[in-house]
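Beneath this line is the structure, given in C-alpha cells, with notes to follow.
The values are calculated or read from the model by the stated rules, or taken from the named source; none is laboratory data. Predicted, not measured: the structure shown is a model, and the values here were computed from it. Cβ placement follows ideal geometry from the backbone for every residue including glycine, while neighbour counts extend to all protein chains displayed.
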Ligand code: GDP
Ligand code: IMO
Ligand code: MG
C-alpha cells in the first residue's frame with residue numbers, strides 16, 4: 001500500500017521540509033497529520049533571479065511541503081489544529097509566488113480551529129512556573145478543547161448559528177478564566193464570529209472530507225506521503241513529557257490524523273539530523289553548553305524557523321534514536337546537515353547512558369531519570385573536508401562515511417539518504 005510516513009526522529013527541525021520536498025517529485029499527495037503553525041518546515045527551491053537561476057528559501061507552517069511541486073495535491077488532515085490567520089498569510093504568500101492552490105489544497109472539515117483565545121491562553125500560561133517554552137501558537141489550548149469536546153471545527157464555520165452557540169459557550173468559559181486568573185481583558189464574541197466568517201469565505205473552496213479523498217486516492221493506487229511535524233521526542237505520549245507538544249508526531253499519529261487505516265502504511269522514514277537540537281525547555285542529555293554547542297548553532301544556522309529562538313545544540317544521541325526508531329517503526333533514515341560537521345576535529349556520538357553509575361539501555365521518559373543521565377560517548381575523527389559540493393555518496397570523505405555507517409550500524413538501521421546542504425541538489429541517495 002502506498003503511504004509513506006516521514007517523521008522527525010529527534011526534537012523537531014531535523015530537515016523534514018527538505019526531505020518531503022525531495023520525495024514530492026515522485027508522489028501524488030502530501031498530507032500533514034498533526035500539529036499546527038508551531039511547525040516551521042523549510043524548503044529551498046530554485047527560482048529565476050536577475051542574473052540567472054538562483055534559490056529561495058520558504059518556511060511553511062501549515063501547508064504541506066509538497067506544495068512547490070505543481071502536480072502534488074496537499075492535504076491538511078483532521079489531526080491538524082488550524083489557525084486560519086496563519087493559513088491565510090501562507091496562502092497569500094504562495095499566491096504571490098504564482099503557486100496555484102485551487103484544486104491542490106484540501107483542508108479537512110474535521111480539523112479543529114485555533115481561536116484567538118487559544119493563542120492568548122498559550123502565551124499567558126507560559127508566564128507561570130513550569131514553562132514548556134511553547135511556540136505561543138495556541139497549540140496546547142486548542143488540543144485541550146478538542147479533547148474536552150468543546151472545540152470548534154472547520155465544518156462549524158458553515159453555520160453561523162452553530163458557530164455562534166459554540167463560541168458563546170467557549171468564550172463565556174474563557175472569559176471567566178482570563179479575567180479571574182489572568183486579569184486579562186474580555187473577548188468579544190461578535191468580533192470573533194465576524195473574523196471567522198470572513199475566513200470561512202476564503203477557505204471554503206479548499207474544505208472537504210479529506211479522509212474520503214485519501215480513501216479514493218488509495219483505491220486508485222496514488223502515492224501518498226504523510227508529513228509529520230515536530231519530532232518523536234516531542235510526542236505527547238512518547239516524548240519527554242511534559243516538555244512535549246500536544247499531538248502525536250510519531251508514525252501512529254498519521255492514521256488518526258488523516259483518517260487512513262494502518263494497513264495502508266507501506267513504510268516509515270525517519271529524518272535524523274547529524275547532531276541534536278532542541279528548542280524550548282526540557283531534558284536534552286547530550287546538550288553542549290559550551291563553545292562546541294555555540295559552533296554547531298552558528299554553523300548549522302540553528303535558530304527556530306517559526307519563532308527565531310536559538311536552538312539548543314548537542315551531539316547525536318543513539319539511545320534516544322534507538323527508542324525513536326522503535327516507537328515509529330522506522331526502517332530507513334535520511335541524515336541531514338552532515339555538512340555542518342565538516343570542520344570539526346572530533347565528532348562525538350552518545351552510545352549509552354549511565355544513571356547513578358548504572359548503565360541503562362532504554363530511553364527513559366520520566367523527567368527525574370532523564371535529568372540524571374550521564375551520556376557515554378564514542379569519538380570519531382573529523383573529515384575536515386567540505387561536503388556541500390559532493391554529489392554522490394561514494395564521493396564523501398571516507399571518515400564521513402565511517403561516521404554515518406558506524407552510527408547506522410549501532411542503530412541497526414539503513415541509511416537511505418544523506419543531505420549535505422539545504423538545496424535540492426545537495427541530496428545524496430545511498431545505493
Ligand atoms: P523541519 O522543521 O524538520 O522541516 O526543519 P527546519 O526547516 O525547521 O530546519 C532545518 C534547517 O536546516 C532549515 O533551515 C533547512 O533549510 C536546513 N537544512 C536542511 N537540510 C540541510 C542540510 O543538509 N545541510 C544544511 N546546512 N542545512 C540543511
Ligand atoms: P517542526 O515541525 C521544534 C516545541 C516548542 C516547545 C514544545 C511545545 O518545525 O519540527 P508547542 O508550541 O507545540 O505547544 O510547543 O514543542 N516545538 C518544536 N520544536 N520544531 C517544531 O516543529 C516544534 N513545534 C513545537 O519549542 O518546546
Ligand atoms: Mg522546523
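Just one of the numbered conditions (1) surrounded by 16 or more Cβ atoms within 10 Å (Cβ to Cβ); (2) at pLDDT 95 or above is not true of residue 369: (1). Among the numbered conditions (1) modelled with pLDDT of 95 or more; (2) farther than 24 Å from residue 216 by Cα, the only one that residue 98 does not meet is (1). Being over 20 Å from the mean Cα position of the chain (by Cα), within 16 Å of ligand 1 (Cβ to nearest atom) and surrounded by fewer than 19 Cβ atoms within 10 Å (Cβ to Cβ) is a condition met by no residue of segment 111-130. Looking at segment 218-234, which of its residues are more than 8 Å from ligand 2 (Cβ to nearest atom), in contact (Cβ under 8 Å) with a residue 24 or more places away in the chain and either outside any helix (DSSP H, G or I) or not assigned by TED's automatic domain parsing to the domain that holds residue 32 (or both)? Within segment 218-234, 221, 222, 223, 224, 225, 226, 227 qualify. Scanning segment 322-339 for residues that are in a helix (DSSP H, G or I) and within 16 Å of ligand 2 (Cβ to nearest atom) turns up 324, 328. Within segment 38-69, the residues that satisfy the criterion of being in contact with a helix residue (DSSP H, G or I) (Cβ under 7 Å, 6 or more places away or on another chain) and more than 16 Å from ligand 2 (Cβ to nearest atom) are 68, 69. Out of the residues in segment 1-36 that are over 28 Å from residue 216 (Cβ atoms) and assigned to a loop (DSSP other than H, G, I, E, B), state the one that is farthest from ligand 2 (Cβ to nearest atom). Of everything passing the filter in segment 1-36, 9 is farthest from ligand 2 (Cβ to nearest atom). I'm told residue 215 meets every condition in (1) farther than 30 Å from residue 428 by Cα; (2) outside any loop (DSSP other than H, G, I, E, B); (3) within 21 Å of the chain's Cα centre (by Cα) except one. Can you identify the failing condition by its number? Single failed check for residue 215: (3). Being touching a residue at least 60 places away in the same chain (Cβ under 8 Å), in a helix (DSSP H, G or I), in contact with a strand residue (DSSP E or B) (Cβ under 8 Å, 6 or more places away or on another chain) and more than 26 Å from residue 374 (Cβ to Cβ) is a property that residue 254 has.
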